1. So how do 142-149, 121-128 stack up, highest first, on mean other-Cβ count within 10 Å?
2. Shape call for the stretch 68-204 from the C-alpha gyration tensor, a ≥ b ≥ c root eigenvalues: rounded (a/c under 1.5), prolate (a/b greater than b/c) or oblate?
3. Where the centroid of each part is defined by its Cα atoms, how far is the stretch 1-70 from the stretch 160-201 in Å?
4. Mind listing the phi-derived Karplus ³J(HN,Hα) values for the stretch 124-141, rounded to whole Hz, using 6.51, -1.76 and 1.60 with θ = phi - 60°, and x for any glycine or proline?
5. Sorted by average packing, counted as other Cβ atoms within 10 angstrom per residue and highest first, what order do 104-116, 151-163 take?
6. Between the stretch 81-128 and the stretch 135-159, what is the separation of their alpha carbon centroids in Å?
7. Which far-off residues, 5 or more places away or on another chain, put their amide H under 5 Å from the one on MET48, with H placed in the peptide plane?
8. Using the Karplus curve 6.51 cos²θ - 1.76 cosθ + 1.60 with θ = phi - 60°, work out ³J(HN,Hα) for each residue of the stretch 177-183 in order, rounded to whole Hz, and write x for Gly and Pro.
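Only the coordinates and a few stated rules stand behind these numbers; no lab work does. Being a predicted model, the structure only gives us computed values, none of them experimental. All Cβ positions, glycine included, derive from the backbone under ideal geometry; neighbour counts span all protein chains shown.
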Amino acid sequence: AAGALEFEQRPDTLAAIDTAIHACRKCPIGALENEAVMGEGSRDASLMIVGEQPGDQEDRAGRPFVGPAGQLLDVHLEQAGIDRRRAYVTNTVKHFKYVQRGKRRLHQNPGAKEIDTCRWWIEAERAIVKPKLVLAMGASAARGMLGKTVSISRARGEPILLEDGSELWITAHPSYLLRLEGTAREEQARLFDADLVAVAERLA
Ligand code: URA
């Protein structure tokens, strides 16, 4: 499904998607005219890792998950024995949504309509990479994969079978961990690790 708006024919190479997302103005975030950030990683990856949207640093670098959330993700992936370089890492929404406050650009959550519009691109990426497993991190990624809102705490821990036979695993977003402190953070980090280990076991 194309979401709220009609798109043209789906690009069938990652390079074509990269070009097309830079020109995409189908939602108000694209209209901010900052850089679009394409997914990166192996075209033959058996694991696709999906985040929400590029942050400030990702927007500047033009690469997904290179800022604080990405660094935390890297630590947890390594602990679980998942090699990021062998995965395909991407975002549900391809542009950074923010409000300008002086020199700072403050992250804004993408809205349901923006997610539903942009999910057309992850579907295009998924049709090319054909991962065996998709790890959706956070509510936006879960909605991007399913087209509806689900509760992370209820959806995590068990795979959801997708229409092409691949498995969707839903977990929290590493930015959520970054916002917590103390025992709440430890508890969420444990749950996050458990989800990653379950994914690593399915990949093995
Ligand atoms: N958060 C995301 O969801 N994606 C990124 O690429 C960076 C931070």
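1. Highest mean packing first, the order is 121-128, 142-149.
2. oblate
3. Between the Cα centres of the stretch 1-70 and the stretch 160-201 lies a distance of 22 Å.
4. 5, 5, 5, 5, 8, 6, 6, x, 6, 10, 10, 9, 9, 9, x, 5, 5, 5
5. Listed from highest to lowest mean packing, they are 104-116, 151-163.
6. If we compute the Cα centre of each part, the gap is 14 Å.
7. TYR88, LEU133, VAL134, LEU135
8. Going residue by residue, I get 4, 5, 7, 9, 9, x, 5 Hz, with x marking Gly and Pro.
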